[in-house]
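K.L.:
Attaching a single structure in structure tokens format; questions to follow.
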Amino acid sequence: MHNLYERLKQQKEAKSAASRPDSGPSGVSVVDAASVSDARREPRPGRRPAVRLSPPWEQVAGEVWRAVYRSAAPAAAVVRRCASIGGLLVGPETDPEGLCFLDSETTGLSGGAGTTAFLLASARLQAEELETTLLFLSDFSGEPVFLQLVREQLLRAQTLVTYNGRAFDVAILRNRFLLNRIEPVERQHIDLLHPARRLFGTVLERCSLSVVEREILGITRQADIDGAAVPDAWLRFIRTGDSARIQPVFSHVLQDSASLLQLLARIELLAADEDGNGNVDPLQRARLLIESPYRVAGSLSLRQRGLSSLEALACVPDHPQSATAARYYCALQRRRGNWGAAQRVWLLHFERRRSLWAAVELAKYHEHRRRDLAAAADIVERAAGWDHARAVQAELVRRRQRIERKLLRSLVKTRAAGKTGPYDGV
């Protein structure tokens, strides 16, 4: 037993000596430099790697970084001109220098309390340049400081310009402000998604910013990161500290903010009819100009231009949107009491397209406005003979019967009075 114990003890000592690193002449352990480098590159569990970002990035405080980029902005001249004369989205009440083109990147798209904004781009016009400030959160612990700096950027702005920012970017920031007990900032807001959908929604496969950039602005991104991959890129950056993983996200958000300026200028040019881009819904363009829903004090010249465009579209019966444009145009003119303009369009569609809706509107116009029952009866009689009128045959029959009853009562009254009425020959 004693010999067995000694042998086991010797084997244990030999094993420990074999696993111990070699020592140099002075007794200091010699360790492979490559293994040290690997150990530093791959952090131990629970140990956070150091964050290093190259200029123009500067560390503002703790986990918050800031960078400022400047680029030429030819579209700035268009925005300034439209702001001075009054455009669809900007007007004399808008200070071009107070526009803040805002975009953010977050940890997800759910929009709930667990979604955090970690990157914000705020771009402003400076003369003929676009100055973009990026604020970056390199770890969750720095969020309160990050939000304070974001708030300072928002306070400098007069009007925010975003793409789906009303439902997402601004809503996320507001949630994070409230969760961190920071007072939110309220500013005027131009969300370009809504006019873009109305102008391009029927001619584009979808109205995401990347599609609008490619099809409307002619911008093709090179080696761009997919928006869905952005949250994962940031989380990997937090775990590894590798700045190469996050650089594509910086380029992505910079392009987003620059595209907002170009898209704003393009929409204003389309509203002013100074852009010949064919990828526009002409009906929605006219309706946008007439309604001017994005400015409190819309320009009367814009509304008149929209009404003229709508009338021109309504008077081309062969256009696929002509019937819809005619209905909308006639409804507007009827509300304004301009019955003559509405009657001309109704008559055009009644005679050239045999439109049943135009026949009904014309019959009502003659029956109720002009009190010309004979003309109303003639229109209903002609429409009832069309082959495609079977779907509304019952309505036409009821209308004709009502007009005939009115004609009969009028005839009885005139004969009882001993007069010759206008409908005696009917």
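K.L.:
Determine whether the range 104-114 contains at least one residue that is buried (at least 20 other Cβ atoms within 10 Å of the Cβ), out of contact with any His (no Cβ under 8 Å at 6 or more places or on another chain) and not aromatic (Phe, Trp, Tyr).
P.N.:
Within the range 104-114, the first condition is being buried (at least 20 other Cβ atoms within 10 Å of the Cβ), and the residues that meet it are 104-106.
Adding the requirement that they be out of contact with any His (no Cβ under 8 Å at 6 or more places or on another chain) leaves 104, 106.
Cutting the leftovers down to not aromatic (Phe, Trp, Tyr) gives us 104, 106.
Yes, the range 104-114 has at least one match.
K.L.:
Pull out all pairs, ordered by first then second residue, where Cβ-Cβ is under 9 Å, the residues are six or more apart or on different chains, the first lies in the range 88-116 and is in the same structural domain as residue 167 (by TED's automatic domain parsing) and farther than 15 Å from residue 76 by Cβ, and the second is assigned to a loop (DSSP other than H, G, I, E, B) and basic (Lys, Arg).
P.N.:
Listed pairs, sorted by first residue: 88/295; 91/295; 93/295.
K.L.:
Further, regarding this structure: Consider the range 195-212. How many of its residues are farther than 19 Å from residue 119 by Cβ and either in contact (Cβ under 8 Å) with a residue 40 or more places away in the chain or touching an Asp or Glu at 6+ places or on another chain (Cβ under 8 Å) (or both)?
P.N.:
Final tally of qualifying residues: 11.
K.L.:
Another question, if that's okay. From 331, 314, 297, 223, grab the single residue that is surrounded by fewer than 17 Cβ atoms within 10 Å (Cβ to Cβ) and at pLDDT 90 or above.
P.N.:
Values: 314 fails: surrounded by fewer than 17 Cβ atoms within 10 Å (Cβ to Cβ); 297 fails: at pLDDT 90 or above; 223 fails: at pLDDT 90 or above.
Answer to the selection: 331.
K.L.:
Okay, next question. Please pick out the residue among 267, 182 that is in contact (Cβ under 8 Å) with a residue 40 or more places away in the chain and among the aliphatic types (A, V, I, L, M).
P.N.:
That would be 267, the only listed residue that is in contact (Cβ under 8 Å) with a residue 40 or more places away in the chain and among the aliphatic types (A, V, I, L, M).
K.L.:
Check whether at least one residue in the range 104-124 is more than 20 Å from the chain's Cα centre (by Cα) and part of a strand (DSSP E or B), and report yes or no.
P.N.:
Checked the range 104-124: at least one residue is more than 20 Å from the chain's Cα centre (by Cα) and part of a strand (DSSP E or B).
K.L.:
Which one of these is surrounded by 14 or more Cβ atoms within 10 Å (Cβ to Cβ), part of a strand (DSSP E or B) and assigned by TED's automatic domain parsing to the domain that holds residue 123: 154, 149, 173, 160?
P.N.:
Within the list 154, 149, 173, 160, the selection yields 160.
K.L.:
Identify the single condition in (1) modelled with pLDDT under 85; (2) part of a helix (DSSP H, G or I) that residue 426 does not satisfy, given that it satisfies every other one.
P.N.:
All conditions are met except number (2).
Listed here are the residues, each with its yes/no results for (1) over 25 Å from residue 100 (Cα atoms); (2) assigned to a helix (DSSP H, G or I).
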residue: 184; (1), (2): no, no
residue: 199; (1), (2): no, yes
residue: 214; (1), (2): no, yes
residue: 237; (1), (2): yes, yes
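K.L.:
Only one of these is surrounded by 15 or more Cβ atoms within 10 Å (Cβ to Cβ) and free of Cβ contacts under 8 Å to residues at least 40 places away in the same chain: 417, 358, 391. Name it.
P.N.:
358
K.L.:
Given the options 391, 376, name the one that is modelled with pLDDT of 85 or more, of a type in the set (A, V, I, L, M, F, W, C) and in a helix (DSSP H, G or I).
P.N.:
Being modelled with pLDDT of 85 or more, of a type in the set (A, V, I, L, M, F, W, C) and in a helix (DSSP H, G or I) holds for just one of 391, 376, which is 376.
K.L.:
Please list, ordered by first then second residue, the pairs with beta carbon atoms under 6 Å, 6 or more apart or interchain, first in the range 59-71 and within 16 Å of residue 124 (Cα to Cα), second assigned to a loop (DSSP other than H, G, I, E, B).
P.N.:
67/56; 67/57
The values are calculated or read from the model by the stated rules, or taken from the named source; none is laboratory data. If you're wondering where the values come from, they're calculated on a predicted model, not measured in any experiment. Note that each Cβ is placed from the backbone with ideal geometry, even for glycine, and that neighbours are counted across all protein chains shown.
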